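Written below as structure tokens is the structure these notes are about.
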Amino acid sequence: MPTTATLTKQTEFSEEQFSMQWVTAAGHALKLRHICKEDSFKFTSFIKNLSSIAHHFRFGSSNYKLSQVDILNLCNPLPNECIHLIIVLREDDEEQIIGSAQYVIQSDRHRCEFSIIVADDWKYHGLGLRLINGLAKLGRVQGIKEMFGRILSTNQEMITFVQELGFSITDSAEGSWLKIATIDLESIR
Ligand SMILES: CC(C)(COP(=O)(O)OP(=O)(O)OC[C@H]1O[C@@H](n2cnc3c(N)ncnc32)[C@H](O)[C@@H]1OP(=O)(O)O)[C@@H](O)C(=O)NCCC(=O)NCCS
């Protein structure tokens with residue numbers, strides 16, 4: 001049985017260890033970084049402004065409203081349990097969240113479950129790829145071997161996205177309506 005000793009005891013990530021900035025061809029300044037508790041308001045706005053279909057696929061409800069406890073947990077994750085990365089757009093000294101991805105470390109400490117969402121207006125700009133690669137990099141640092149996600153079988157966009165990245169897709173134990181996408185973290189760089 002695996003023990004916690006097999007998990008690298010890295011639970012804090014400095015800004016240098018994980019933060020990445022770039023400017024898009026259209027001149028937008030973007031940054032990939034860990035979320036923090038000061039992002040609560042921005043994160044609430046990000047979720048509120050997602051389309052109903054995005055709400056449906058991410059939260060299972062087309063008009064999902066985050067509770068204060070959800071927001072607190074999502075914006076202040078304990079790094080030995082959960083990693084939450086965001087991409088922010090910086091304009092006029094203001095930051096707006098345009099993408100979010102997180103993983104939750106499973107009790108075996110070898111696997112983590114991820115979820116991801118990119119703002120509707122920012123799809124196909126490479127944000128999803130940067131978020132997944134970021135999670136994979138941090139997962140490897142934490143000694144995690146495998147990442148998986150649960151995807152509704154009707155969510156063809158997400159299924160295509162993960163297949164392109166090399167995830168394998170299987171039916172869940174609950175049935176073919178729910179797919180499980182799995183990847184060995186060593187295989188995505
Ligand atoms: C899936 C999702 C994360 C992709 O994010 P994105 O920022 O648009 O993806 P990227 O721009 O980084 O695309 C990366 C690659 O994925 C592929 N891809 C992404 N979306 C695709 C689509 N709809 N169809 C085909 N290929 C797609 C492309 O091959 C792309 O590679 P390319 O740049 O060489 O063309 C985004 O569409 C999203 O948030 N969807 C809803 C997520 C969701 O349902 N979450 C709940 C379950 S976890």
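Here's the picture: charge each Lys and Arg Cβ at +1 and each Asp and Glu Cβ at -1 in the chain, and of Ile35, Gly166, Pro79 the one pushed furthest to the positive end of that dipole is Gly166. Per residue, the convex hull around the alpha carbon atoms of the chain comes to 129 Å³. Would you please name the GluC sites (Glu not before Pro) within the stretch 112-189 that are DSSP coil residues with at most 11 other C-beta atoms within 10 Å of their C-beta? When the GluC sites (Glu not before Pro) of the stretch 112-189 are filtered for loop state and at most 11 Cβ neighbours within 10 Å, Glu174 remain.
Per-residue extension of 0.36 nm, minus the Cα-Cα distance of Tyr64 and Ser172, leaves a gain of 36.5 nm for this segment.
Under unit Cβ charges (Lys, Arg +1; Asp, Glu -1), what dipole magnitude, rounded to 20 debye, does the stretch 114-166 have relative to its Cα centre? Spell out each step's value before the answer.
Numbers: 6 positive and 5 negative charges, 62 e Å.
The calculation lands at about 300 debye.
For the chain, a crude dipole built from +1 on the beta carbon of Lys and Arg and -1 on the beta carbon of Asp and Glu, taken about the Cα centre, is about 300 debye to the nearest 20.
In this label model, Thr24 and Arg140 are separated by 2.7 nm, measuring between points 7 Å along each Cα→Cβ vector.
Qualifying trypsin sites (Lys or Arg not before Pro) in the stretch 39-144, where qualification requires a DSSP coil assignment and no more than 11 other C-beta atoms within 10 Å, comprise Lys65.
Cross-linked pairs Lys31/Lys179; Lys37/Lys145; Lys48/Lys145; Lys145/Lys179; Lys65/Lys137: Cα-Cα separations exceed 26 Å for Lys31/Lys179; Lys37/Lys145; Lys48/Lys145; Lys65/Lys137.
What's the local net charge at Leu178, with K and R +1, D and E -1, over the other residues with C-beta under 15 Å away? All intermediate terms of the calculation are to be shown ahead of the outcome.
Values: positive: Arg58, Arg150, Lys179; negative: Glu113, Asp171, Glu174.
Here the count lands on 0.
Taking other residues whose beta carbon is less than 13 angstrom from the beta carbon of Asp108, and scoring Lys, Arg as +1 and Asp, Glu as -1, yields +1. Scaling the Cα radius of gyration of the stretch 111-166 by the globular reference 2.2 N^0.38 Å produces a ratio of 1.16. The chymotrypsin sites (Phe, Trp or Tyr not before Pro) found in the stretch 92-189 that occupy coil by DSSP, while having at most 15 further C-beta atoms within 10 Å, are Tyr124.
Since every read-out is calculated from the coordinates, none of them should be taken as a lab result. It should be emphasised that the depicted structure is a prediction, and the values quoted were computed from it without experimental measurement. Cβ coordinates were reconstructed from backbone atoms using ideal geometry, including for glycine residues, and neighbour counts include every protein chain displayed.
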